[in-house]
1. Tell me which of these A:ALA295 doesn't satisfy, since it passes every other one: (1) more than 10 Å from the ligand (Cβ to nearest atom); (2) at negative phi; (3) touching a residue at least 12 places away in the same chain (Cβ under 8 Å); (4) away from chain B (no Cβ under 14 Å).
2. Looking at (1) under 18 Å from the mean Cα position of the chain (by Cα); (2) open to solvent by less than 20 Å² (accessible area, probe 1.4 Å); (3) within 12 Å of chain B (Cβ to nearest Cβ), which one does A:VAL219 not meet, given that it meets all the others?
3. Name the pairs whose Cβ atoms lie under 7 Å apart, with the first residue in region A:227-244 and assigned to a helix (DSSP H, G or I), the second of a type in the set (Ser, Thr, Tyr), and 6 or more positions between them or separate chains?
4. Given the criteria open to solvent by 10 Å² or more (accessible area, probe 1.4 Å), within 14 Å of chain B (Cβ to nearest Cβ), over 30 Å from A:LYS31 (Cβ atoms) and aliphatic (A, V, I, L, M), does A:MET95 qualify?
5. Based on what the data block shows, is A:ARG134 in contact with a Leu (Cβ under 9 Å, 6 or more places away or on another chain), within 12 Å of chain B (Cβ to nearest Cβ) and either at pLDDT 95 or above or under 18 Å from A:ALA264 (Cα atoms) (or both)?
6. Identify all residues within region B:13-33 that are farther than 16 Å from B:SER87 by Cβ and under 13 Å from the mean Cα position of the chain (by Cα); write none if there are none.
7. Testing A:PHE32 on (1) in contact (Cβ under 8 Å) with a residue 40 or more places away in the chain; (2) assigned to a helix (DSSP H, G or I); (3) aromatic (Phe, Trp, Tyr), one condition comes back false. Which one is that?
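The values are calculated or read from the model by the stated rules, or taken from the named source; none is laboratory data. For clarity, every value in this text was computed on a predicted model and none was experimentally measured. Here the Cβ positions follow ideal geometry from the backbone for every residue, glycine too, while neighbour counts run over all protein chains shown. Each accessible area value is taken on the protein alone, full model and side chains, heavy atoms only, with ligands, DNA and RNA left out. Shrake-Rupley method; radii C 1.70, N 1.55, O 1.52, S 1.80 Å.
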Amino acid sequence: MRYVDEFRDAEKARALSARIASLCEPGRHYKFMEVCGGHTHTIYKHGLEDYLPETIELVHGPGCPVCVIPMGRVDDSIYIARQPDVLMTSFGDMMRVPGGNGSFFDSNAEGTNIKMVYSPLDSLKIARQNPDQRVVFMAIGFETTAPSTAMTILRAAAEGLENFSVFCNHVTIIPAIKAILDSPDLRLDGFIGPGHVSTVIGCRPYEFITTDYHKPIVVAGFEPLDILQSIYMLMLQLSEGRCEVENQYSRVVPWDGNLVALKAITETMELRPYFEWRGLGFISQSAMQVKEKYARFDAERIFNMPGLRVADPKACQCGEVLKGVLKPWECKVFGTACTPETPIGTCMVSPEGACAAYYNFGRFTRQRVKEATAVATTEASKV
Amino acid sequence: MCLGIPGEIIEILHDKPDLAMVDVSGVRRAINIGLLEDDPPVPGDWILIHVGFALSKIDEGEAKAALEFLEGIGQAYADEIAALLESSID
Ligand code: SF4
C-alpha cells in the first residue's frame, strides 16, 4: 500500500499540510464534508487524514450513486428482469448491492439474465443484436453519468430501436447537499465539492451554499494534493472571513459546466417530484425520470413494477454514514457481519462507498495520525 | 463508474463523427465524443472518459498525472479498465 509520503509529491503534501495547520485557530474544531465518493476513496487510500491536524475532521457525504439507491429499486430491477424476454443490463458496481430479496447476482443464480456493461452504449448494442429480447439498462449515477444515459436515449430514438429502454435512477447532487445542510445532526464548516459532477453542472449551482448557508465550498480534483489544496483553500476562506464557491479543479471543470451535456439531460429527462434515497429518505426534486416524449424508452412506463418500499435491515447504519453522522467503523456490523464480500449495506459495495474505502485502506490510518500530525506541526513552525 | 479514465484521441472516425479512437493505457477503444460537440477534440487532445463518453478535455500533463494516480489506485482502476476493455461501442 502506498501513502502520500511515498507518493511523488510528498514534499508538496507536507508543505500544504504545514500551511493548513498554521491556519487553525486554537481551540476551534473544523468539520469539512467531502461530498463525492471518489474523494472518500482518495482520502483513505492515501491516508490523507494523517496530514491534517487533529482539529480538522473530514466527514463523508452522500456522493456515491450506488450507495444511495434504496433497496426497493434493486427489487424493482429484479422484477423487470423476471419479465418474459427481458435482458437487463447494469453497471458492474450494482451487481452485489443487496435488495430486499438478494442482489442481481443472487437473482441470476435463480434464472434472470442481468448482465454487467461498462457503458449504456454497450446496452444499446446488445439491443440491436438481440431484436427478440427486451433490453433494459438500469441507469444510476449523479450528473456525471446522466448525460451518457441521455445521449443513449437520443441515439436509440434516432435509430428507431423498439426493444431498448432505461430504468432511470439518476439522482441530482444539489438537493442532497441541501438535505445535509438542513439536517440538524451535523454542523459543517465547509464542503469539498465533487469534481466530475461539476464538469457537467459547473460551479454556479453551489452558490446557494455560500449565500443561504454561509459556508465555503471548493470544487476539488481527485489527486491527494488536489484534496489537500482544497482543504487549504477552505481554511484560507474561513481565516479571511470569506465564504465563496472556488474551483480548485479548473483544469478540468469549466465554471459553466458542459452545456451540451446539460441540454441532452433536459431534452430527455425531467425532475421527479420526489425520490427515496437510502439513508436520507424522501427528498423532493432530487432525481430524474424519462420525459413523456421518450416514453417508449422508459422502463417504468413499459413494465408495471411493484415499486415497493423496503426498509433497510435493522443492523444497517448506512443512512448515518451517508449523512456523515457516523464514521464507517462506528457501525456495529462494520468489518464483522458486513464486509465487501458479504455486504449488508450499500456503502460496503461500491469502491466509492465510505465503508468499503475505509475497510480496504483506512483501518491502518488511525495509528499513524499522531506521528504525522507531529511532523506537520514541526514543519509548520519552520514556515 | 465515477472515477473517469483519461485517454488520448488518436483518430476521429469520419463515417461516425461522434466516435473517436482513443488510446487508454495503451489500448485503443472507440469512445463517444458527442458531449464535446461545442469544442470538438482533435487527435493528440486528452479527454476524461466516463462510461464510454468523453465528458471533458484535459491538458496532457494533467491527463498523465491522473493516469499515474489511477494506476496507483489499484483494484478500483483495474476493474474500470477491465470493464472498458469488455465494452465495444459503435
Ligand atoms: S458497515 Fe455495512 S451496514 Fe454498516 S454502515 Fe457500512 S455498509 Fe452499512
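1. (3)
2. (3)
3. Every condition considered, the pairs that remain are A:ILE227/A:THR42; A:LEU228/A:SER17; A:LEU228/A:TYR51.
4. Details: open to solvent by 10 Å² or more (accessible area, probe 1.4 Å): no; within 14 Å of chain B (Cβ to nearest Cβ): yes; over 30 Å from A:LYS31 (Cβ atoms): yes; aliphatic (A, V, I, L, M): yes.
Here the answer is no, as A:MET95 does not meet what is asked.
5. Spelling it out, it is not the case that A:ARG134 is in contact with a Leu (Cβ under 9 Å, 6 or more places away or on another chain), within 12 Å of chain B (Cβ to nearest Cβ) and either at pLDDT 95 or above or under 18 Å from A:ALA264 (Cα atoms) (or both).
6. B:GLY26
7. Going through the list (1) in contact (Cβ under 8 Å) with a residue 40 or more places away in the chain; (2) assigned to a helix (DSSP H, G or I); (3) aromatic (Phe, Trp, Tyr), A:PHE32 breaks only (2).
Rundown of residues vs (1) under 30 Å from A:LEU124 (Cβ atoms); (2) more than 20 Å from the chain's Cα centre (by Cα); (3) not basic (Lys, Arg), yes/no style:
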{"position": "A:ILE174", "(1), (2), (3)": "yes, no, yes"}
{"position": "A:MET235", "(1), (2), (3)": "no, yes, yes"}
{"position": "A:VAL253", "(1), (2), (3)": "yes, no, yes"}
{"position": "A:LYS263", "(1), (2), (3)": "yes, yes, no"}
